[in-house]
């Protein structure tokens, strides 16, 4: 398995954040951009754009964490979190369908009675 460089993860996170919510920081000159990346905390995508699930926002923000140890250390970590998010979405859809069907079955039982 290939090593995953934290810098590469940060670059990917910046791209994900910009793609999901627009440019994460606004600056007018190179020194201000450097300040943004060092000192400012990224606004979470789910706080900037409604409809982005919290777990997805976490995956997007984690590569941009200020501390190295808070970032993904491997690509496998990113993949595992994305798979976890997908699993939650699928489970939530299944539960929603079950609840909808539960109402249908109650209605049918009421008609049959």
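The values are calculated or read from the model by the stated rules, or taken from the named source; none is laboratory data. Bear in mind that the values here come from a model prediction, so they are computed numbers and not experimental data. Here the Cβ positions follow ideal geometry from the backbone for every residue, glycine too, while neighbour counts run over all protein chains shown.
Looking across region 49-66, just one residue is over 19 Å from residue 89 (Cβ atoms) and either modelled with pLDDT of 85 or more or in contact with a strand residue (DSSP E or B) (Cβ under 7 Å, 6 or more places away or on another chain) (or both), and that is 63.
Listed by first and then second residue, the pairs linking a residue in region 18-39 that is within 13 Å of residue 66 (Cβ to Cβ) to a residue that is in a helix (DSSP H, G or I) and at pLDDT 65 or above, with Cβ atoms under 9 Å apart and 6 or more places separating them unless they lie on different chains, are 37/64. In this entry, residue 38 passes the filter for residues that are modelled with pLDDT under 85 and either assigned to a helix (DSSP H, G or I) or surrounded by fewer than 11 Cβ atoms within 10 Å (Cβ to Cβ) (or both).
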